[in-house]
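For reference, the structure is listed below as structure tokens.
The values are calculated or read from the model by the stated rules, or taken from the named source; none is laboratory data. What you see is a predicted model, and the numbers here were worked out from it, not measured in a lab. Here Cβ is always computed from backbone atoms with ideal geometry, including for glycine, and neighbour counts include all displayed protein chains.
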Amino acid sequence: MDKLVIRGGNPLLGTIRISGAKNAALPAMAAALLTDETVILENIPQVRDIETERRLLAAMGAEVELGYGRAQHRTTICAANLTKNPEASYELVKTMRASSLVLGPLVARAGFARVSMPGGCAIGARPIDLHLKGLEKLGAQIIQEHGYIEARAKKLKGARYSFDRITVTGTEDVMMAAVLAEGETVLENCAREPEVVDLATLLVKMGAKIEGAGTSTIKIKGVSKLKGARHRIIPDRIEAATFLLAGALTGGDLMLQGCEPSHLTSLMNKLEEVGVKVKVSKGCVRVMGDAAPLKAADIATEEYPGFPTDVQAQYMALMTQAEGTSIITENIFENRFMHAQELCRMGANIRIEGRRAIVRGKTPLSGAAVQASDLRASASLVLAALVANDETIIDRVYHIDRGYERIEEKLRGVGAQVKRIGNILPERISD
Ligand code: EPZ
């Protein structure tokens with residue numbers, strides 16, 4: 001099992017290129033199931049979850065090429081010959097919950113889907129009941145047994161459906177089902193994340209009729225068939241946020257290229273409040289952490305455009321180095337503070353009270369052997385290690401490989417002392 005060894009103390013100086021968004025690429029790859037023509041997706045990140053999705057689609061009979069050539073990170077998918085009863089097996093789904101994104105497209109295109117229930121997850125129960133209620137509203141029959149969901153529908157019918165709570169992949173799943181349903185569908189209380197908008201942009205390129213993506217009400221007029229398309233995935237706003245915080249934390253001067261500043265507004269406002277200078281130009285964000293000492297500032301995670309839950313753990317690492325007490329409230333998931341105890345082992349002063357974490361800074365951090373528990377918690381430990389005295393060894397780095405492309409190479413490129421020990425990069429996909 002790979003480990004990252006990081007020696008703290010270096011300010012990050014230089015330029016990092018941001019990769020394509022994992023959480024936009026995953027639904028976009030699932031959308032290719034909606035047509036028998038070829039879908040080409042560019043700016044695909046070289047991360048473990050994308051490889052998992054490739055295996056998932058291939059197991060259903062789709063032809064999936066995935067290449068990370070110098071010029072392009074690209075996947076070409078053709079789902080002309082799906083297997084008779086397409087299935088997302090437990091072996092694959094347990095490694096990536098986002099596999100449930102194939103439900104909507106399969107029911108809409110093939111009239112049948114068999115997907116393993118995702119099961120629990122480190123950060124919370126994360127049921128998919130709202131996905132299923134939406135598909136039932138569109139006329140699918142859903143059976144749940146032996147840990148699997150089976151969904152069937154001769155032909156989905158448009159309907160009005162309001163999500164009981166805002167769900168990103170729930171919105172994406174039901175929207176993909178609705179594009180081939182008969183008649184009009186109105187979805188209310190939808191997620192407004194940029195990844196939802198990016199998926200809608202792809203679907204419209206494929207011939208879908210969608211209005212309102214990015215707002216809480218999405219209207220879809222069903223069409224009988226979708227065609228192939230070519231689409232460039234949006235930049236990863238969570239990767240960009242992570243590196244912005246790394247630049248702030250290390251008192252560095254970091255330029256992020258190939259990002260979308262308008263997706264980072266809530267974090268950039270918060271960084272200004274904390275005393276970190278941020279400059280925006282076209283496709284770039286520059287963070288200058290060498291200004292005044294960091295000031296404590298509270299956050300409460302919310303759905304987009306609020307402060308993202310996927311940046312909460314990384315922000316907590318920053319607050320350990322800020323003067324004063326900050327209160328971090330996690331409103332989206334019920335168990336997303338597992339990084340806190342690892343940060344405390346490095347010297348942080350953090351107390352958890354239910355959905356709130358109280359961070360008292362500034363506390364010097366010292367290198368330690370720590371363990372990653374989930375994707376963003378691992379990122380938080382990397383950030384802490386960048387400012388800790390001595391060496392930190394982070395175990396179970398496969399968590400971080402799920403969502404960050406070659407993180408140690410990107411960090412080394414701007415002066416961090418970081419190396420990977422254990423096997424070489426997971427499933428290094430040939431160029
Ligand atoms: C997406 O997960 C992201 N994953 C997550 O990113 C992100 O943390 C999350 O949205 C919130 O922004 C992908 O896009 C692949 P939700 P998703 O459905 O869609 C509850 C990362 O680090 N809920 O918006 O699974 C749920 O339990 C990952 O890249 C139901 O109760 O999240 C949670 O409390 C982690 N029933 C809340 O809604 C449902 O049917 C929001 O979850 C669906 C969700």
Q) What is the residue count in segment 78-92 for residues that are within 16 Å of the ligand (Cβ to nearest atom) and β-branched (V, I, T)? A) 0
Q | The lone exception for R237 - which of (1) in contact (Cβ under 8 Å) with a residue 60 or more places away in the chain; (2) touching a Leu at 6+ places or on another chain (Cβ under 8 Å); (3) within 18 Å of L33 (Cβ to Cβ) it fails | A | (3)
Q: May I ask you to say which residue of T52, T75, T95 is of a type outside the set (K, R), buried (at least 21 other Cβ atoms within 10 Å of the Cβ) and either within 14 Å of the ligand (Cβ to nearest atom) or part of a strand (DSSP E or B) (or both)?
A: T75
Q. For segment 123-150, what are the residues that are more than 27 Å from F333 (Cα to Cα) and in contact with a strand residue (DSSP E or B) (Cβ under 6 Å, 6 or more places away or on another chain)?
A. G139, A140, Q141
Q | Filtered residue count, segment 354-379, keeping only those that are within 16 Å of the ligand (Cβ to nearest atom), assigned to a loop (DSSP other than H, G, I, E, B) and either under 24 Å from M1 (Cβ atoms) or among the basic types (K, R) (or both) | A | 4
Q. Conditions: (1) away from the ligand (no atom under 16 Å from the Cβ); (2) within 24 Å of R48 (Cα to Cα). A348 meets all but one. Number of the miss?
A. (2)
Q | Flag for R237 being among the basic types (K, R) and buried (at least 19 other Cβ atoms within 10 Å of the Cβ) | A | yes
Q.
What's the number of the only condition in (1) of a type outside the set (F, W, Y); (2) assigned by TED's automatic domain parsing to the domain that holds I327; (3) buried (at least 23 other Cβ atoms within 10 Å of the Cβ) that E195 fails to meet?
A. (2)
Q. For residues in segment 225-253 being part of a loop (DSSP other than H, G, I, E, B) and among the charged types (D, E, K, R), which is nearest to L12 (Cα to Cα)?
A. D236
Q: Considering only segment 254-330, give the strands (runs of 3 or more DSSP E) lying wholly within it that have at least 2 residues that are over 21 Å from R345 (Cα atoms) and more than 16 Å from the ligand (Cβ to nearest atom).
A: 277-281, 284-288
Q. Which ones in segment 98-124 are assigned to a loop (DSSP other than H, G, I, E, B) and either out of contact with any Phe, Trp or Tyr (no Cβ under 9 Å at 6 or more places or on another chain) or more than 8 Å from the ligand (Cβ to nearest atom) (or both)?
A. G111, M117, P118, G119, G120, A122
Q. So which residues in segment 23-70 are touching a residue at least 40 places away in the same chain (Cβ under 8 Å) and small (G, A, S)?
A. A24, A25, A28, A30, A31, A32, G67, G69
Q: Looking only at segment 9-18, decide whether some residue is under 23 Å from the mean Cα position of the chain (by Cα) and within 16 Å of the ligand (Cβ to nearest atom).
A: yes
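Table: residues versus (1) closer than 12 Å to C190 by Cα; (2) within 13 Å of the ligand (Cβ to nearest atom).
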site	(1), (2)
G134	yes, yes
I142	no, yes
E145	no, no
A151	no, no
Y161	yes, yes
Q. For L202, are the conditions met, namely being more than 9 Å from the ligand (Cβ to nearest atom), surrounded by 16 or more Cβ atoms within 10 Å (Cβ to Cβ), in a helix (DSSP H, G or I) and not charged (D, E, K, R)?
A. yes
Q: Give me the pairs, please: first residue somewhere in segment 308-327 and modelled with pLDDT under 95, second residue anywhere and within 15 Å of the ligand (Cβ to nearest atom) and assigned to a helix (DSSP H, G or I), beta-carbon distance under 6 Å, and either six or more positions apart or on two chains.
A: none
